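To keep things clear, I will list the structure first and then write my remarks on it.
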Amino acid sequence: SGEFEATHNVMSKRGSPYLRKAIFQAALIASFKDPVLSDYYQKKRSEGKHHLTCVGAVARKMCNIIYAVLKNNEPYVPKA
């Protein structure tokens, strides 16, 4: 449930390593340049998360955004 605190969380190593690296690098830049993703990154940092954990969370959110853009065939418009 929402109160569960896991002690050992790792990024899944399934799928294309090249795609994973590309999305992670894009998330690294988006963590500071995109207003929505930057706010999300700062929220995670304020929760005491490690920098790379926060970038991984931003990468996951970016995957959801990319999926929505492709599914709905609409451009991504950040809402600041």
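The values are calculated or read from the model by the stated rules, or taken from the named source; none is laboratory data. Because the structure is a prediction, the values reported are computed rather than measured. Glycine gets a Cβ as well: all are built from the backbone with ideal geometry, and neighbour counts include every protein chain shown. Accessible surface areas use protein heavy atoms only, side chains included; no ligands, DNA or RNA. Shrake-Rupley method; radii C 1.70, N 1.55, O 1.52, S 1.80 Å.
Per-residue ellipticity at 222 nm computed for the chain from its helices equals -21500 deg cm²/dmol, with DSSP H segments shorter than 4 residues left out and the rest contributing -39,500 (n - 2.57).
Once neighbouring chains are kept in place and the probe is 1.4 Å, which whole percent of the accessible area of the chain is contributed by carbon and sulfur? Of all accessible area on the chain, carbon and sulfur atoms account for 57 percent.
If you take every residue apart from P78 with its C-beta less than 11 Å away from the C-beta of P78, what net charge results, scoring Lys and Arg +1 and Asp and Glu -1? Write down the numbers at each step before the final one.
On the way: positive: K33, K79; negative: D34, D39.
Local net charge: 0.
Among R20, R60, R14, the order of accessible area from largest down is R14, R60, R20, computed with a 1.4 Å probe on protein heavy atoms.
The slack between S38 and A6, meaning 0.36 nm per residue of separation minus the straight C-alpha distance, is 9.1 nm. For the chain, the spread of Cα positions along the three principal axes, ordered from largest to smallest, is 38, 31, 26 Å. Heavy-atom accessible surface of S46, to the nearest 10 Å², is about 100 Å², with a 1.4 Å probe and all protein chains retained. Each Cα pair under 8 Å and six or more residues apart adds its sequence gap; the mean of these over the residue count of the range 17-72 is a relative contact order of 39 percent.
Alpha-carbon geometry of the range 1-45: the Rg and the Dmax are 13.4, 34 Å, given in that order. For the range 52-80 versus the range 1-42, the inter-centroid distance based on Cα atoms is 11 Å.
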